[in-house]
Each structure stands twice: as C-alpha cells, then as structure tokens.
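These notes concern the structure reproduced below.
The values are calculated or read from the model by the stated rules, or taken from the named source; none is laboratory data. Computed from a predicted structure; not experimentally measured. All Cβ positions, even for glycine, are placed from backbone atoms using ideal geometry, and neighbour counts span all protein chains on display. Side chains included, ligands, DNA and RNA excluded: accessible areas come from the protein's heavy atoms. Shrake-Rupley method; radii C 1.70, N 1.55, O 1.52, S 1.80 Å.
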Amino acid sequence: LMHLLLTNKGERLYMPDFGANIRQYLFEPNDNAAASSIKNEINQAVKKFIPNLSITELSVTPLEDNINAVIVRIDYLVTTAALQSTDFVELEL
C-alpha cells in the first residue's frame, strides 16, 4: 500500500498507471477540494491495484502546528481466502 501511495503515475517501468499521484498536492492550497481529490486518487488506485484491500475509513486532516500539511489516514481491511486483517497507514504531506 505504501508503495502505491508514494508512487506517481508514470514512475514505474512497464506500469505507467501504477501510483496514486498524491505528491502532486504538496504545493496546492490546503482546502476541501484538495482533500477530496486526494481521497479520490487513493480510492481509485487501491481499487485498481489492490482489489483485496477494502478501505473502511479515509481521512485527510490538516496538521495542528502546520497549516500547509495534512495527515492522510487510511483504515483498511485485507481479505484473502483464509485471512482477514485490519490495519491503518498514516502519511504526512
């Protein structure tokens, strides 16, 4: 999941669509439109490249001490034939 999130589309050889493109929002205004776009990019990338991962909650919240940065938290459930596992990932952008 971390590799998918931190890869921009076009970076991976032979897989030009692989990635979530969230680093493109580093210098964008920290507003609801950017947060919505980040969520959309993540949801689309996960659905396409990690189909056995189900996002249960996805939040993009501004940092308290830095108005130019956000925390992206992804709570997810991984299902395989014999196993179910829940976990979360947090990124600071």
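In deg cm²/dmol and to the nearest 500, what is the mean residue ellipticity at 222 nm of the chain if only DSSP H runs of at least 4 residues count, each as -39500 (n - 2.57), divided by the residue total?
After summing the helix terms and dividing by residue count, I get -7500 deg cm²/dmol.
Measure nothing but the geometry: give the 0 to 90° angle between the long axis through the Cα atoms of 32-49 and the longest principal axis through the Cα atoms of the chain, rounded to 10°.
20 degrees
Starting from the Cα gyration tensor of region 33-74, take the square roots of the eigenvalues, sort them a ≥ b ≥ c, and report rounded, prolate or oblate (rounded when a/c is under 1.5, otherwise prolate if a/b is larger than b/c, else oblate).
Prolate is the answer for region 33-74, as a/c is 1.5 or above and a/b outweighs b/c.
Where the accessible area of the chain is counted over protein heavy atoms with a 1.4 Å probe, how much of it, in %, is carbon and sulfur?
51 percent
With every protein chain left in place, what is the accessible area per residue of region 3-61 in square angstrom, probe 1.4 Å?
For region 3-61, the solvent-accessible area averages 65 Å² per residue.
Starting from the eigenvalues of the Cα gyration tensor, five times each then square-rooted, give me the equivalent ellipsoid semi-axes of the chain, largest first, whole Å.
Each semi-axis is the square root of five times an eigenvalue, giving 23, 18, 10 Å.
Could you state the number of Å between the C-alpha centres of region 33-52 and region 67-91?
12 Å
Could you point to the residue in ASN32, LEU53, THR86 farthest towards the positive end of the chain's charge dipole, with +1 and -1 charges on the Cβ of Lys/Arg and Asp/Glu respectively?
Towards the positive end, the residue furthest out is LEU53.
Treat every Asp and Glu Cβ in the chain as -1 and every Lys and Arg Cβ as +1, leave all other atoms uncharged, and give the resulting dipole magnitude about the Cα centre to the nearest 20 debye.
The calculated dipole for the chain is roughly 460 debye.
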